[in-house]
């Protein structure tokens with residue numbers, strides 16, 4: 001998502017390096033992206049904003065784009081669940097209810113995949 005926001009703004013290479021090489025700016029940007037991830041659990045789009053010195057970045061991301069970007073991670077979650085079920089010798093038909101915990105369990109795509 002960090003890369004997407006930077007690409008959407010058509011930021012020059014030297015400005016990108018300014019963000020990447022400055023831990024303070026990079027932390028701000030990652031925090032903004034993390035907040036966007038949380039917001040996308042409840043809404044269909046949100047803003048990613050950061051102020052990096054004289055550089056102002058503001059980018060909109062929607063849930064579909066977020067899900068597309070994160071799809072490889074979602075697929076890995078599915079594989080881990082399948083492995084855990086196999087190791088426990090449990091068939092998916094034996095499960096009546098799934099209780100999700102943790103921040104990522106609020107992501108609609110993860111909930112959808114569990115169904």
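Can residue 53 be described as closer than 21 Å to residue 31 by Cα, assigned by TED's automatic domain parsing to the domain that holds residue 25 and surrounded by 10 or more Cβ atoms within 10 Å (Cβ to Cβ)?
Yes: the conditions hold for residue 53.
Of all residues in segment 85-104, count the ones that are at pLDDT 90 or above and surrounded by 13 or more Cβ atoms within 10 Å (Cβ to Cβ).
Qualifying residue count, segment 85-104: 1.
Which condition breaks for residue 47 when tested against (1) crowded, with 17+ Cβ neighbours inside 10 Å; (2) touching a strand residue (DSSP E or B) at 6+ places or on another chain (Cβ under 6 Å); (3) assigned to a strand (DSSP E or B)?
(1)
Only one of these conditions is not met by residue 107: (1) closer than 30 Å to residue 13 by Cβ; (2) surrounded by 13 or more Cβ atoms within 10 Å (Cβ to Cβ); (3) within 12 Å of the chain's Cα centre (by Cα). Which number is it?
(1)
The values are calculated or read from the model by the stated rules, or taken from the named source; none is laboratory data. Bear in mind that the values here come from a model prediction, so they are computed numbers and not experimental data. Here the Cβ is made from the backbone with ideal geometry for all residues, glycine too, and neighbour counts use every protein chain on show.
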